[in-house]
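Reading through the structure tokens given below for one structure.
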Amino acid sequence: MRVTVRLFTGLREQLGSKLEAELAGDTPTIADLERDLAARWPQLAEQFACVAIAVNEQYVPGRSTVLREGDEVALIPPVSGGAATGDTPHFLVTAEPLDRDALRALVLTPASGAVVLFEGVVRNHHQGHTVLRLEYEAYTPMAERELAAVAAEVCTEFAAREVYDIAAHHRTGLLEIGDVSLLVAVSAAHREDAFAAALRCVDRIKQTVPVWKKEYGPDGATWQEGVLPQPRA
């Protein structure tokens, strides 16, 4: 059975963005795949303890998940992530600059008493050292699905508080100081609920959406440490 393995950030730089694996047996699992990969690429062995696993762009709960012919398995390292209105999707990962007005228009309704627009901006420092620029990488199709899933989760949490709509766009590629990396827009009947839902949405995006950033400073570039993804239960 053949499956494709997707790699990101430092693993991608070492081994490329995709690996092909041939697995024996009728019902091989993620654990079988890990053993196969570790035997062929020993540098992967120590990485399995600190990655989440996605199969066909959805997180899976454990290593006992059974794989099937043609599956795409992604090793998700800790995440660090941020035209006309009618053509603008609610959830987007793009290398193009983000459009604040388009995102606001997406969520505005006649019943909205407040629209909160959060902008994640590239700053010139991190944990006491200088930052010159950031480079964002994403598992794009899964990241867009997870943005939508986060929005649905937050709308459900705030269903009794008249939160009407949520949209989120994340940028990828090389960003300079002051560039916007993440936009989240929330509309609600009242400002308190719009602010609370926006904060919850941004927090969950940073916990679950597969986006990573490389930090460039005076001494070189390194992938920024993040958090192991925390998908919905």
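Going by the structure shown, is Glu176 modelled with pLDDT of 95 or more, in contact with a helix residue (DSSP H, G or I) (Cβ under 9 Å, 6 or more places away or on another chain) and surrounded by fewer than 17 Cβ atoms within 10 Å (Cβ to Cβ)?
Details: modelled with pLDDT of 95 or more: yes; in contact with a helix residue (DSSP H, G or I) (Cβ under 9 Å, 6 or more places away or on another chain): no; surrounded by fewer than 17 Cβ atoms within 10 Å (Cβ to Cβ): yes.
Against the criterion (modelled with pLDDT of 95 or more, in contact with a helix residue (DSSP H, G or I) (Cβ under 9 Å, 6 or more places away or on another chain) and surrounded by fewer than 17 Cβ atoms within 10 Å (Cβ to Cβ)), Glu176 does not qualify.
Residue-by-condition table, conditions (1) in contact with a helix residue (DSSP H, G or I) (Cβ under 9 Å, 6 or more places away or on another chain); (2) closer than 15 Å to Pro77 by Cβ:
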| residue | (1), (2) |
| --- | --- |
| Arg6 | yes, yes |
| Leu23 | yes, no |
| Asp36 | no, no |
| Arg40 | no, no |
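Conditions tested, residue by residue: (1) assigned by TED's automatic domain parsing to the domain that holds Arg123; (2) part of a helix (DSSP H, G or I); (3) more than 24 Å from the chain's Cα centre (by Cα); (4) not aromatic (Phe, Trp, Tyr).
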{"position": "Ala21", "(1), (2), (3), (4)": "no, no, yes, yes"}
{"position": "Thr27", "(1), (2), (3), (4)": "no, no, yes, yes"}
{"position": "Ala38", "(1), (2), (3), (4)": "no, yes, yes, yes"}
{"position": "Ala49", "(1), (2), (3), (4)": "no, yes, no, yes"}
{"position": "Gly70", "(1), (2), (3), (4)": "no, no, no, yes"}
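Take the residues in the stretch 150-178 that are aliphatic (A, V, I, L, M) and over 21 Å from Thr109 (Cα atoms), then tell me which one is farthest from the chain's Cα centre (by Cα).
Initially, the stretch 150-178 is screened for residues aliphatic (A, V, I, L, M), giving 150-152, 154, 159-160, 163, 166-168, 174-175, 177.
Next, only the ones that are over 21 Å from Thr109 (Cα atoms) stay: 174-175, 177.
Numbers: Leu174: 16, Leu175: 17, Ile177: 21 Å.
My answer is Ile177.
Conditions tested, residue by residue: (1) surrounded by 18 or more Cβ atoms within 10 Å (Cβ to Cβ); (2) part of a strand (DSSP E or B).
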position: Arg63; (1), (2): no, no
position: Val73; (1), (2): yes, yes
position: Glu96; (1), (2): no, no
position: Leu106; (1), (2): yes, no
position: Ala111; (1), (2): no, no
position: Gly120; (1), (2): yes, yes
position: Ala143; (1), (2): yes, no
position: Ala152; (1), (2): no, no
position: Cys155; (1), (2): no, no
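The values are calculated or read from the model by the stated rules, or taken from the named source; none is laboratory data. Computed from a predicted model, the values in this text were never measured in an experiment. Cβ atoms come from the backbone with ideal geometry, glycine included; neighbour counts cover every protein chain shown.
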